[in-house]
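So the structure is just underneath, and the comments pick up after that.
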Amino acid sequence: MEKYLFSLALLLAGIGLLKMGLKRYNSKEYYSEITAISGSLKYLDKEKLRYGVRYNVGLTNDRRNFRIPDITSRSFDFINFQKNVSLGDSIVLQLNRSYPDKNQEIIGITSRGVSYFDFEKRNSLRRKNGMAAILSGIIFVGSAIWKIKDKTKYNKV
């Protein structure tokens, strides 16, 4: 059984990547559980990451920290948002309810009827990441099956 542990780990990791990739690839499913919250803009902080940028957003009437993650921030029109919306202005945040935590994921921002997200770009980025996860999952599952097949090749009774 110990000789199969690595293969089983590869298999489980591959299945997990496939599941995650399929969910990300199907953007309609990922964004199906959306909730909206409105309030006055308290802050919008830009945070540089190793491979991109994310934004932290706060509302005056809510104690939670809302976040535009790196993948979604690429479709956020930060320059126009900064020009047209100032602190204290009323905004509506669209949140993904699939992953509730203290840093809630923002998937859309509107102010005065103007949306500051390019939804098609957001969905295409998510599909690209989903496809990468699917391909990685296929490679992991294939490697696990190949390893298991190789280890049981000479064990025929």
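Observations on the model:
- What the Cβ-Cβ distance of residue 9 and residue 131 gives, at R0 = 25 Å and to the nearest 0.05, is a FRET efficiency of 0.60.
- The length gained on full extension between residue 86 and residue 56, counted as 0.36 nm times the residue separation minus their Cα-Cα distance, comes to 9.3 nm.
- Full-stretch length increase - residue 19, residue 114 - with 0.36 nm per residue and alpha-carbon distance subtracted: 30.8 nm
Since every read-out is calculated from the coordinates, none of them should be taken as a lab result. It should be emphasised that the depicted structure is a prediction, and the values quoted were computed from it without experimental measurement. Backbone-built Cβ (ideal geometry, glycine too); neighbour counts: all protein chains shown.
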